[in-house]
């Protein structure tokens, strides 16, 4: 799963204090188009029997802490979102893409938004999208490779810690800790950890998250850098998995409740633990690969952040053609006891649980983490998206969503449903466990380039309703992720700012 931001921060900018005056929102321009609403309001069908995802005690509560909502990266929320009842849309044009969205203790929207002046931390009023405060981060230092719209290092991923503070990497290879001011209407930097002496200039930090013991892990895209930072002592340890594609890390990673850390390179999926603060591999597996950099993927590896699942599983999509949803067992020792002929014996289990092809050959790619609810996984198709121009002038990407479930006996997986109509070029979709809706963001046919808030049934895969968000490139989310507020509002970053949807 991947967060993609508008990364055009090429101008220098010094660190700035928090802005104090609330700035009223200016709507993002849109040309009226038909239809503005498709379908009918949803009836809530809660998804029951799903064990709660354990909270990482060093992060903010699940659903408010980071782009994938929790340390397991499930993208599943315990509360509800809009049901499509006389929906109201809002927008705020700040000419920045707010890719990753979290919520502070007051419910205000926090995001690192990127524009020509550099990455900047924003606080938005959750009701109006007025800008409450900002804090400038170091400017982008240059693009190492690929498109400026597909470089996510140095702030694209961030998280809120258990004190409600923003913890983010920077383009200068530092880790910043940023708190809200005592009066709650601004930001103040309270921590700065310099990693530049252990990283080369090309080793730019992609993501950083704490494990279940509070040790901060970070990854860098070049050379397969996997590192740890002890906040208490300042100790830093770094290992490198290799040069080139074998070591390239484009995604964030998952952390489980027992110290495990799951990291995917362009060729392998790894499970790490820390021993005396040093990253150690407990297992690794090479996943299927066509070795093609497909349109719709940034590189020739998996496009997904690993997602941990109940029952001792972890999943990714591979880079085969067609692409597969692949599930692996997380256990270090793959044996279990079985009784045969009145005798107990140990049987070895395979690491791979299942490999299920999804979407069509020559038209399957995914740059977003799988949604997980219990044994169920939701995968979306991003094939065809290489940048904003692809969806201009009526341009479209390949359609597709699928639900894959692990079999009840833990042996293999099966397809539950396939949606072949909805097209989500890049969005990090979300699932509400409270109402059974998958919240996504789709681009439909039309000369005005309409973008829609779209709700899909978790049970059937059918489109429940679609509400027009706006038209044109300014409403392209370009890899930004949907976030659901506790009061039922849905938020998303776009190339021109931030938008929202709520029921009237």
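The values are calculated or read from the model by the stated rules, or taken from the named source; none is laboratory data. What you are looking at is a predicted structure, and each value in this text was computed from that prediction instead of being measured. Neighbour counts run over all protein chains shown; Cβ positions are idealised from the backbone, glycine included.
Name the residue, out of 181, 228, 168, that is within 19 Å of residue 67 (Cα to Cα) and touching a residue at least 12 places away in the same chain (Cβ under 8 Å).
Residue meeting the stated conditions: 168.
For region 367-484, list the strands (runs of 3 or more DSSP E) that sit wholly inside it and hold at least 1 residues that are modelled with pLDDT of 95 or more, within 21 Å of residue 98 (Cβ to Cβ) and touching a helix residue (DSSP H, G or I) at 6+ places or on another chain (Cβ under 7 Å); which are they?
Hits in region 367-484: 437-443, 450-457, 463-471.
Quick check on region 348-362. Is at least one of its residues in contact with a helix residue (DSSP H, G or I) (Cβ under 9 Å, 6 or more places away or on another chain), modelled with pLDDT of 95 or more and surrounded by 10 or more Cβ atoms within 10 Å (Cβ to Cβ)?
Taking every residue of region 348-362 in turn, none turns out to be in contact with a helix residue (DSSP H, G or I) (Cβ under 9 Å, 6 or more places away or on another chain), modelled with pLDDT of 95 or more and surrounded by 10 or more Cβ atoms within 10 Å (Cβ to Cβ).
Residues of region 172-183 being touching a strand residue (DSSP E or B) at 6+ places or on another chain (Cβ under 8 Å), more than 11 Å from residue 196 (Cβ to Cβ) and in a loop (DSSP other than H, G, I, E, B), which ones?
181
Determine whether residue 101 is modelled with pLDDT of 95 or more, surrounded by 19 or more Cβ atoms within 10 Å (Cβ to Cβ) and in a loop (DSSP other than H, G, I, E, B).
no
Can you pull out the residues in region 244-265 that are farther than 12 Å from residue 308 by Cβ and part of a loop (DSSP other than H, G, I, E, B)?
247, 248, 249, 250, 251, 252, 259, 265
Is it the case that residue 49 is part of a loop (DSSP other than H, G, I, E, B), over 30 Å from residue 232 (Cα atoms) and in contact (Cβ under 8 Å) with a residue 24 or more places away in the chain?
Answer is yes for this residue.
Select from region 82-98 the residues that are modelled with pLDDT under 95 and farther than 19 Å from residue 453 by Cα and list them in ascending order.
95, 96
Kindly list, by first and then second residue, each pair from a residue in region 407-426 that is in contact (Cβ under 8 Å) with a residue 12 or more places away in the chain to a residue that is surrounded by fewer than 16 Cβ atoms within 10 Å (Cβ to Cβ) and not in a strand (DSSP E or B), limited to pairs with Cβ atoms under 7 Å and residues at least 6 apart or on different chains.
Qualifying pairs under 7 Å: 410/311; 413/407; 414/407; 417/460.
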